[in-house]
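Comments concern the structure below.
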Amino acid sequence: MNARKRRRLYFVLALFAGGAGAAGLAVIALQDNVLYFYSPSDVTAKHVEPGTAFRIGGLVEEKSVVKGPGTALRFVVTDGKARIPVVFHGDVPALFREGQGVVAIGRLDASGSFEADQVLARHDEKYMPPEVADALKRSGRWKEKAP
C-alpha cells in the first residue's frame, strides 16, 4: 500500500470515528430529555420512581373528576387494569371529560399520585393518541368504532 492510499484510509477511519463519537455524544445528551409514555398498567408493573418525568395516557375514569379550589383538578386515568390518580393545577382542554382519552405529562409524587404539568385531550371524535390506543388494546378495553 502506497502512502497516498494509507492517508486516505486514515482519513476515512478518522471520519468514521469522529462520526461515531458525535452520535454517541448526541444520544447521551438527549437521553435526559426523552419523555417515556406509560399506561397505568405500565406504571404499576415497572415501578416508576417518584420524580421521574414521563407521559401517562388512558381514559379519564367515569365519576372521578373532582374540581378543587382555584384551578386544581383531580381525576383518575385508567386503562381498565390499573388506575392512577392525577392532580393538575391549570386549565384543561375544552374536550377534556370523563370517559375520553387523555395524555398527561408530569411525574409521580411520593404518595403515588401523578402530578401533571400538562394535560392533553383528544381533538375530535375519531382521534385517539396512538400510545393510548395501544395501551387500551393491550388491556382489552379498546372498542373499534363503526364508520
Under the condition of being at pLDDT 90 or above and assigned to a loop (DSSP other than H, G, I, E, B), which residue from region 63-78 is surrounded by the fewest Cβ atoms within 10 Å (Cβ to Cβ)?
Lys63
Which listed residue, of Thr52, Thr71, Thr78, is within 18 Å of Asp134 (Cβ to Cβ) and not small (Gly, Ala, Ser):
Thr78
I'd like to verify a number: residues in region 105-115 that are aliphatic (A, V, I, L, M) and in a loop (DSSP other than H, G, I, E, B), how many?
1
Going by the conditions given, is Val102 in contact with a Leu (Cβ under 9 Å, 6 or more places away or on another chain), crowded, with 20+ Cβ neighbours inside 10 Å and either touching a residue at least 12 places away in the same chain (Cβ under 8 Å) or not in a loop (DSSP other than H, G, I, E, B) (or both)?
yes
For region 54-62, state whether one or more residues are surrounded by fewer than 17 Cβ atoms within 10 Å (Cβ to Cβ) and modelled with pLDDT of 85 or more.
yes
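Only one residue in Ala104, Ala110, Ala94, Ala121 is at pLDDT 90 or above and not β-branched (Val, Ile, Thr). Which one?
Numbers: Ala110 fails: at pLDDT 90 or above; Ala94 fails: at pLDDT 90 or above; Ala121 fails: at pLDDT 90 or above.
None of the other options fit; the residue is Ala104.
Determine whether region 82-99 contains at least one residue that is in a loop (DSSP other than H, G, I, E, B), in contact (Cβ under 8 Å) with a residue 60 or more places away in the chain and surrounded by fewer than 18 Cβ atoms within 10 Å (Cβ to Cβ).
Looking through region 82-99, none of the residues is in a loop (DSSP other than H, G, I, E, B), in contact (Cβ under 8 Å) with a residue 60 or more places away in the chain and surrounded by fewer than 18 Cβ atoms within 10 Å (Cβ to Cβ).
The values are calculated or read from the model by the stated rules, or taken from the named source; none is laboratory data. This structure is a prediction, so every number in the text was calculated from the model and none was measured. Backbone-built Cβ (ideal geometry, glycine too); neighbour counts: all protein chains shown.
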